[in-house]
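K.L.:
Could you have a look at this structure, given as structure tokens, before my questions?
The values are calculated or read from the model by the stated rules, or taken from the named source; none is laboratory data. Just so it is clear, the structure is predicted and the values come from calculations on it, not from any experiment. For neighbour counting, all protein chains shown are included, and Cβ atoms are generated from backbone atoms with ideal geometry for every residue, glycine included. Note: areas computed on protein heavy atoms with side chains; ligands, DNA, RNA excluded. Shrake-Rupley method; radii C 1.70, N 1.55, O 1.52, S 1.80 Å.
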Amino acid sequence: MMHTRKISVVGLGYVGLPVAVAFGKHGRVVGFDISPTRIAELKDGHDRTREVRRSELAEADILFSSDPKDLKTADFHIVAVPTPVDHAKRPDLGALLSASEIVGRELKVGDIVVYESTVYPGATEEACVPVLERHCGLRSGRDFFVGYSPERINPGDTEHTFTAITKVVSGQDPKTLETVAEVYGSVVRAGVHRAPSIKVAEAAKVIENTQRDLNISLMNELALIFNRMGIDTRDVLDASGSKWNFLPFDPGLVGGHCIGVDPYYLTHKAQVLGYIPQVILAGRSINDGMGTYIAGQVIKHLIHAGGSVKGSTVTVLGFTFKENVPDLRNTRVIDIVTELRDYAVNVQVTDPLADRAEARETCGIDLLPEEALAPADAVVFAVPHHDYVAKGWQAVVPLLRDGRGVVVDVKAKLPREHCPPGVRLWRL
């Protein structure tokens, strides 16, 4: 598909940067971010998220800028900023509304604004459009137009990339929808799916991750049950997985910017409308409690191993929200650390990919290099980064005091049959 639109991307994080690069390979793009540091890094060819290689940045024609005035040169604005939840699990639209204000001040007649950030159904038209109108003095649907195309970026996934995933698109009227479809269709080789309304596209996004969240919560609840029965959950899943239609989900920590967050956007809107969700919130409750449960198992096995809990040392291996990414957003490994510290345990955390300054600033955690770790009474193998998995037991045993102690393998990545003598292994 061909189009004549001039693109800007507002927010150059895990979502926005791959979008800007994809369009930048076909023409000039304005890449805007409020962080001068981020802009400077990208101009230097460095992406701290590791989603885009230096060579890809060099290939793309992107004007990296933190000056909102540069947005005036574009007429198709893609907003891709974070939409987290606050401490009370309520949607936090602060960054989205701030981005709307920035874009609104630069809007011109005929411009189109497309939101990619995850929101509850109705947020684009109810929350964002009034901000745009207030700051541009123009009328939505007459002078400028809006659309919604939910992001589907999976951090660390080199197969399901922006251009390889079918793009859901929507617009406030049929003409806008076609323009949005043409623009995205020009770079997304997997094609586009035209949603009949903006609300439908918004809802599609939140239920994609709500469905995954519920399936994982079922696996986590089964793990809680099977542990009481003395049954290894992975053995059960291997047996059940031999049936052709058994869905392959695993138990574990559920964090990150999508699966651990999006369901709260849907439940928030449902509660505003007078409906109290039960299944979705039950699943969230189970998943949110897994870090505390895992920490409890560490304490239990330390006691059974004959060790003292108070003053013992536990090393947590991996701190990002998932494997093979530096992303710390909503990492639930912090729940394990916090709970263990409540037992007066000395907890030390290491992660080869996570940024130490970010971990300290956002989580209050001082990440240590492996060579600085004290011998541990227990190791929690929390995040199976590729290098850890490749080393197997050699990534874990040297961290234990005299090679003996408790190992908690959250994702069951260590071969059980090779468990060394003197190691007490538990896996979720």
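K.L.:
Tell me, what does the Kirkwood hydrodynamic radius of the stretch 223-345 come to in angstroms if you use every pair of distinct C-alpha atoms?
P.N.:
After inverting the pairwise mean of 1/r, the radius is 16.9 Å.
K.L.:
State the dimensionless ratio Rg/Rh of the stretch 275-353 (Rg: radius of gyration of Cα atoms; Rh: Kirkwood radius).
P.N.:
Rounded to two decimals, Rg/Rh equals 1.06.
K.L.:
Give the accessible area for residue 343 in Å² (nearest 10); use a 1.4 Å probe, count only protein heavy atoms, and leave out ligands, DNA and RNA.
P.N.:
Rounded to the nearest 10, the figure is 100 Å².
K.L.:
Hey, how many Å between the Cα centroid of the stretch 343-410 and the Cα centroid of the stretch 9-41?
P.N.:
Taking the Cα centre of the stretch 9-41 as reference, the centre of the stretch 343-410 is 34 Å away.
K.L.:
Return the long-range amide H neighbours of residue 427 (sequence gap of 5 or more, or a different chain), with a cut-off of under 5 Å between placed amide H atoms.
P.N.:
Under 5 Å from the amide H of residue 427: 409.
K.L.:
Through the Karplus equation 6.51 cos²θ - 1.76 cosθ + 1.60, θ set to phi - 60°, convert the phi angles of the stretch 303-312 into ³J(HN,Hα) values in whole Hz; use x for Gly and Pro.
P.N.:
So the Karplus estimates, Gly and Pro as x, are 5, 5, 7, x, x, 8, 7, 5, x, 6 Hz.
K.L.:
Amide H neighbours of residue 114 under 5 Å, counting only residues 5+ apart in sequence or on other chains, H built in-plane at 1.01 Å?
P.N.:
Counting only residues 5 or more places away or on other chains, the set is 77, 78, 79, 147.
K.L.:
Follow-up. Pairs to check: 69/175; 43/72; 310/411; 243/300. Give those whose C-alpha atoms are more than 23 Å from each other in this structure.
P.N.:
69/175; 310/411; 243/300
K.L.:
Let me ask something additional. In a solvent-free Debye calculation with one equal scatterer on each Cα, what is log10 I(q)/I(0) for the stretch 72-183 at q = 0.19 Å⁻¹, listed in the order of the q values?
P.N.:
Calculated log10 I(q)/I(0) at the listed q: -1.01.
K.L.:
DSSP beta bridges in the chain, what fraction antiparallel, as a percent rounded to 5?
P.N.:
Of the beta bridges lying entirely in the chain, close to 5 percent run antiparallel.
K.L.:
Contour minus end-to-end for residue 53 and residue 250, with contour as 0.36 nm per residue of separation and end-to-end as the Cα-Cα distance?
P.N.:
67.9 nm
K.L.:
Report, in debye and to the nearest 20, how large the dipole of the stretch 210-293 comes out about its Cα centre when Lys and Arg carry +1 and Asp and Glu carry -1 on their Cβ.
P.N.:
Roughly 200 debye, rounded to the nearest 20.
K.L.:
Can you give the relative contact order of the chain as a percent, counting alpha carbon pairs under 8 Å and 6+ residues apart?
P.N.:
Over the chain, the number comes to 11 percent.
K.L.:
With the contact rule set at Cα under 8 Å and sequence spacing of 6 or more, what percent relative contact order holds for the stretch 1-86?
P.N.:
This gives 43 percent for the stretch 1-86.
K.L.:
Okay, next question. Using only alpha carbon pairs under 8 Å that are at least six residues apart, calculate the relative contact order of the stretch 34-169 and give it in whole percent.
P.N.:
Worked out over the stretch 34-169, it gives 20 percent.
K.L.:
Also, quick follow-up: Can you give me the C-alpha center-to-center distance between the stretch 122-160 and the stretch 56-103, rounded to a whole angstrom?
P.N.:
Taking the Cα centre of the stretch 56-103 as reference, the centre of the stretch 122-160 is 10 Å away.
K.L.:
Once Rh for the stretch 166-253 is found with the Kirkwood sum over Cα pairs, what is the Stokes-Einstein diffusion coefficient at 20 °C and 1.002 mPa s, in µm²/s?
P.N.:
134 µm²/s
K.L.:
May I pose another question? Semi-axes of the equivalent ellipsoid for the stretch 313-393, please: Cα gyration tensor eigenvalues, times 5, square-rooted, ordered largest first, whole Å.
P.N.:
Calculated on Cα positions only, the semi-axes equal 17, 16, 11 Å.
K.L.:
Got a sec to turn the phi values of the stretch 25-40 into Karplus ³J(HN,Hα) couplings, 6.51 cos²θ - 1.76 cosθ + 1.60 with θ = phi - 60°, whole Hz, x for Gly and Pro?
P.N.:
Here the 3J(HN,Hα) series is 7, 10, x, 5, 10, 8, x, 10, 8, 6, 8, x, 5, 4, 4, 4 Hz.
K.L.:
Rounding to the nearest 20 debye, state how big the charge dipole of the chain is about its Cα centre with +1 on each Lys and Arg Cβ and -1 on each Asp and Glu Cβ.
P.N.:
400 debye
K.L.:
Springs between alpha-carbon atoms under 10 Å, Gaussian network over the chain: tell me which of 261, 200, 21 tops the mean-square fluctuations.
P.N.:
Its mean-square fluctuation being the largest, the pick is 200.
K.L.:
What does the accessible area of residue 303 come to, in Å² to the nearest 10, when a probe of 1.4 Å is used?
P.N.:
100 Å²
K.L.:
Starting from the residue with the highest accessible area, list 292, 313, 158 in decreasing order, probe 1.4 Å.
P.N.:
Sorted by accessible area, descending: 158, 292, 313.
K.L.:
Using only the alpha carbon atoms of the chain, find the Kirkwood hydrodynamic radius as the inverse mean reciprocal pair distance, in angstroms to one decimal.
P.N.:
23.2 Å
K.L.:
Which residue, 378, 344, 412, tops the fluctuation ranking in a GNM of the chain built on C-alpha contacts under 10 Å?
P.N.:
In this elastic network of the chain, the residue with the biggest mean-square fluctuation among 378, 344, 412 is 344.
K.L.:
Further question on the same structure: Once you have a ≥ b ≥ c as the square roots of the Cα gyration tensor eigenvalues for the stretch 13-70, tell me rounded if a/c is under 1.5, and otherwise prolate or oblate according to whether a/b is larger than b/c.
P.N.:
The shape class here is oblate.
K.L.:
Between 218, 12, 71, find the one with the highest GNM mean-square fluctuation for the chain; connect C-alpha pairs within less than 10 Å.
P.N.:
Among 218, 12, 71, the largest GNM mean-square fluctuation belongs to 218.
K.L.:
Now for a different question. Which whole number in µm²/s is D for the stretch 358-420 by Stokes-Einstein, with the Kirkwood Rh taken over Cα pairs at 4 °C and 1.567 mPa s?
P.N.:
Stokes-Einstein gives a translational diffusion coefficient of 102 µm²/s.
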